[in-house]
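Undergrad: Pasting a structure below so you can have a look.
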Amino acid sequence: MTGTVYKSTGSWYTVKTELGHVYECRIKGKFRIKGIKSTNPIAVGDVVDFELETNSDNVSGIIHKIHDRKNYIVRKAVNLSKQTHIIATNLDQVFLMITINNPPTLTSFIDRFLVTAEAYSIKTILLFNKVDTYDDETLMEVKYLAHVYRNIGYECIGISAKTGKNIEKVKALMTGKVSMFSGHSGVGKSTLVNAIEPALDLKTKEISSLHMQGQHTTTFAEMFDTGFGAKIIDTPGIKGFGVVDMDKEEVGDYFPEIFKLKQDCKFNNCLHIQEPKCAVKRALDNDEIAYSRYRSYLQILQGEEEHYRTDNWDS
Ligand code: GDP
Ligand code: ZN
């Protein structure tokens with residue numbers, strides 16, 4: 001039988017078949033996946049083959065195969081510096097939720113997030129939430145940011161999880177896909193998920209009350225079905241993707257506008273800093289690349305710590 005992992009709590013995996021039957025499964029023997037040193041061999045989102053096993057009156061499954069992954073996201077495992085923990089796999093898209101003031105989401109955070117998503121090959125859609133609260137000035141900022149990110153290929157939608165504005169648009173994008181919601185705490189992720197699928201309210205509450213009772217010391221990702229053919233992966237307590245290690249030469253490849261220009265630079269190993277005849281610097285001088293994006297590029301390149309300070313949005 002074949003199914004998708006919806007939940008994993010250590011040694012047991014909750015697997016759902018296409019017909020909607022749910023089985024608790026275990027792994028027999030050791031699973032090694034090429035190229036990943038992870039503490040967990042199987043994660044939420046994995047498609048697995050399993051066989052049923054009947055012992056006395058309960059039926060459970062034994063997983064014997066993991067299908068190839070389209071992508072996966074990881075975080076560093078606690079206490080084991082070299083190892084990673086796979087949070088989720090086979091994501092179709094992630095919605096990055098952004099608010100301008102409450103809380104502020106800085107462009108440095110957005111760009112770092114987008115670079116990581118590009119490195120993981122996960123499509124990102126930007127949702128500017130709480131548009132119901134914006135004054136003219138804030139609306140101008142949202143419009144400017146949406147312009148910057150649309151120009152380089154990211155879909156941007158202004159929404160209100162509270163009033164329901166553009167929620168149908170978000171639902172339409174989610175249908176038939178596996179989605180994740182990310183963003184700073186307080187941007188409205190829970191409010192949006194509840195607006196999208198009120199039935200999930202109960203489930204998210206169940207999870208958080210379990211945490212409060214201290215039954216789980218780790219946060220586990222979980223996949224939920226919705227009534228409109230969309231799947232949501234919830235990753236409580238994880239706001240981003242963790243960090244991907246990348247080479248300096250690689251960073252520019254995850255900025256679509258820089259990637260597009262790099263073939264026009266004089267040097268093929270151009271880092272677009274001080275090099276002569278650099279197409280990226282030229283585009284920057286001509287206002288064809290947003291300065292905030294270039295600044296984020298340099299920050300990531302230099303491995304700078306993120307600046308959590310009030311920033312100048314339109315620089
Ligand atoms: P999370 O931490 O990302 O899950 O954020 P929550 O969903 O808990 O929302 C944080 C706060 O923002 C709550 O008080 C929500 O009622 C509020 N909020 C969420 N979305 C909106 C919105 O679209 N408009 C307004 N005015 N408030 C919102
Ligand atoms: Zn260059």
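Undergrad: For a quick protection proxy, order the peptides 16-23, 172-179 by their average other-Cβ count within 10 Å, most packed first. Display every interim value, and only then the final one.
TA: Working: 16-23: 11.9, 172-179: 16.4.
Descending packing order for the listed peptides: 172-179, 16-23.
Undergrad: What is the calculated FRET efficiency for E288 to D245, with r their C-beta to C-beta distance and R₀ = 30 Å, to the nearest 0.05? Present the calculation step by step, with values, prior to reporting the outcome.
TA: Values: r = 30 Å, r/R0 = 1.00.
Between E288 and D245 the formula returns 0.50.
Undergrad: Next question, about the same structure. Roughly how many Å² of D57 are accessible to a 1.4 Å probe, to the nearest 10?
TA: Only protein atoms counted, so the area is about 140 Å².
Undergrad: Determine the gain in length on full extension of the stretch V59-S121; use 0.36 nm per residue of separation and subtract their C-alpha separation, reporting nm with one decimal. It would help to have the intermediate numbers written out before the result.
TA: Numbers: separation 62, 0.36 × 62 = 22.32 nm, distance 3.70 nm.
In short, 18.6 nm is gained.
Undergrad: So what is the relative contact order for the range 14-167, in percent, with contacts set as C-alpha pairs under 8 Å and at least six apart?
TA: Working: 224 pairs, mean separation 24.8, N = 154.
It comes to 16 percent, rounded to a whole number.
Undergrad: By its C-alpha gyration tensor, with a ≥ b ≥ c as the square roots of the eigenvalues, how is the range 248-301 shaped: rounded for a/c under 1.5, else prolate for a/b larger than b/c, else oblate?
TA: Values: a/c = 1.43, a/b = 1.06, b/c = 1.35.
Rounded.
Undergrad: Shifting gears a bit: Relative contact order of the range 2-66, please, whole-number percent, based on alpha carbon pairs below 8 angstrom and at least 6 residues apart.
TA: On the way: 117 pairs, mean separation 22.2, N = 65.
Answer for the range 2-66 is 34 percent.
Undergrad: Whole-Å semi-axes of the range 2-66's equivalent ellipsoid, largest first, each the root of 5 times a Cα gyration tensor eigenvalue?
TA: Values: eigenvalues 79, 34, 20 Å².
Sorted largest first and rounded, they come to 20, 13, 10 Å.
Undergrad: Estimate the FRET efficiency between T175 and K277 by the formula 1/(1 + (r/R0)^6), using the beta-carbon distance for r and 51 Å for R0, to the nearest 0.05.
TA: Values: r = 47 Å, r/R0 = 0.92.
Plugging the Cβ-Cβ distance into 1/(1 + (r/R0)^6) gives 0.60.
Undergrad: Can you flag which of K70/K281; K7/K177; K65/K248; K130/K231 are past 29 Å Cα-Cα?
TA: Numbers: K70/K281 34 Å; K7/K177 17 Å; K65/K248 36 Å; K130/K231 24 Å.
Beyond 29 Å: K70/K281; K65/K248.
Undergrad: Now for a separate question. Within a Cβ distance under 11 Å of N268, other residues only, what is the Lys/Arg minus Asp/Glu net charge? Provide the component values of the computation, followed by the final result.
TA: Numbers: positive: K262, K266; negative: E249, D264, E275.
Combined, the nearby Lys, Arg, Asp and Glu give -1.
Undergrad: Using the basic label-point model (7 angstrom from Cα toward the beta carbon), what is the L19 to T2 distance in nanometres?
TA: Distance between the two pseudo-spin positions: 1.5 nm.
The values are calculated or read from the model by the stated rules, or taken from the named source; none is laboratory data. The model shown is predicted, which means the values in this text are computed figures rather than measured ones. Cβ sites come from the backbone with ideal geometry, for glycine too, and all protein chains shown count toward neighbours. We work out accessible area using only protein heavy atoms, side chains counted, and drop any ligands, DNA or RNA first. Shrake-Rupley method; radii C 1.70, N 1.55, O 1.52, S 1.80 Å.
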